[in-house]
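Visitor: Below is the structure I would like to discuss, written out as structure tokens.
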Amino acid sequence: MPDFDFKVTGVEAANRGIAPLLHFKLEIANHPETEKIHTVILQTQIQIEAPRRSYNDAEKEKLGELFGTPDRWGQTLRNRLWGISNTNVRGFSGSTETVLPMPCTFDLNVAATKYFHALEGGAIPLLFLFSGTVFYEAADGRLQVQQISWNKECHFQMPSETWREMMDRHFPNSAWLYLHRGVFDQLYAFKRKHGFSSWEETISGLLNAEEKVEVPA
């Protein structure tokens, strides 16, 4: 019966992706090595292990939206689910390599994006939890099916620069902002009323107006 060991060895952004996409390089080793694996339908849950790194003051301030004030982090700083990666692994014996695709977004309403965007450097500790189905050849030549053991996992330190450089490439010198339709309609009316030619000018106009408001003595 197959017994897999998993190891993430690297990560890189997809070179020609239309949307932000990371490729994690995964090594799979089977025991016994002589066993013939026909295919593996692999599902991987990726978690952010937030407690496994330190944070500077600026990062702590930005992460307050996710974890609250630092004095509460003993109770609130926990692993966060990033997402699920699915892939099919081709047949092999002994060991093989494959790629785990992980779609990304610059939507700052998404918890994982808030976390990544808050970091100024260093590594992002990730936990990979594996599950899925293995189709393999038994000693008598018959095709067998087995589930991947629930306790199969591995850790990986992803450089935060990998995520940031990917986002800079897809959204150069810009950020993505989501608004409810009613708020957008108000902002659009403000833009038309004041004759602003761009959304940057519109937001700047709002901020400048806020700064000019005098507080009564």
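The values are calculated or read from the model by the stated rules, or taken from the named source; none is laboratory data. Bear in mind the structure is a predicted one, so any value in this text is a computation, not a measurement. All Cβ positions, glycine included, derive from the backbone under ideal geometry; neighbour counts span all protein chains shown. When the accessible area is computed, the model is the full protein with side chains, heavy atoms only, and any ligands, DNA or RNA have been set aside. Shrake-Rupley method; radii C 1.70, N 1.55, O 1.52, S 1.80 Å.
Visitor: Looking at the P(r) of the chain, how many percent of alpha-carbon pairs lie beyond 26 Å?
Guide: 53 percent
Visitor: Another one. Test of the criteria: in segment 150-202, which chymotrypsin sites (Phe, Trp or Tyr not before Pro) are in a DSSP loop and have at most 15 other Cβ atoms within 10 angstrom of their Cβ?
Guide: Sparse-neighbourhood loop chymotrypsin sites (Phe, Trp or Tyr not before Pro): W150, Y178.
Visitor: What full-extension length gain, to one decimal in nm, is calculated for T105 and T34 as 0.36 nm per residue of separation minus the Cα-Cα distance?
Guide: 21.4 nm
Visitor: Number of Lys-Lys pairs in the chain under 28 Å by Cα, sequence gap 8 or more or different chains?
Guide: So the count of such lysine pairs works out to 14.
Visitor: Using the alpha-carbon atoms, what tilt in degrees (0 to 90, nearest 10) does helix 199-212 show relative to the longest principal axis of the chain?
Guide: 50 degrees
Visitor: Hey, another quick one. Given 37 °C and 0.692 mPa s, compute D for segment 8-103 with the Stokes-Einstein relation, Rh being the Kirkwood radius over Cα pairs; round to the nearest whole µm²/s.
Guide: Answer, rounded: 202 µm²/s.
Visitor: Multiplying the sequence separation of R53 and E97 by 0.36 nm and subtracting their Cα-Cα distance, what value in nm do you get?
Guide: Value of the extension gain: 13.0 nm.
Visitor: Also: If you project the alpha carbons of segment 25-72 onto the principal axes, what extent comes out on each, in Å, largest first?
Guide: Reported extents, whole Å, longest axis first: 53, 19, 18.
Visitor: What does the accessible area per residue of segment 82-152 come to in Å², with a 1.4 Å probe and no ligands, DNA or RNA counted?
Guide: 48 Å²
Visitor: Given the protein chains as shown and a 1.4 Å probe, how many square angstrom of T9 are accessible, to the nearest 10?
Guide: 70 Å²
Visitor: Using the Cβ atoms and a cut-off under 12 Å, what net charge is assigned to the surroundings of D5, where Lys and Arg are +1 and Asp and Glu are -1?
Guide: Cβ neighbours under 12 Å give a net charge of -2.
Visitor: With Cβ to Cβ distances under 14 Å as the rule, what net charge do the other residues near L143 carry (K, R +1; D, E -1)?
Guide: Result for the local shell: -1.
Visitor: Express in Å², to the nearest 10, the accessible area of F130 obtained by rolling a 1.4 Å probe over the protein heavy atoms while all chains stay in place.
Guide: Here the residue's solvent-accessible area equals roughly 10 Å².
Visitor: Report, to the nearest whole %, how much of the accessible area of segment 64-166 belongs to carbon and sulfur atoms, 1.4 Å probe, protein only.
Guide: 50 percent
Visitor: For a quick size check, give me the Cα extents of segment 119-217 along its three principal axes, largest first, whole Å.
Guide: In descending order, the Cα extents are 85, 32, 32 Å.
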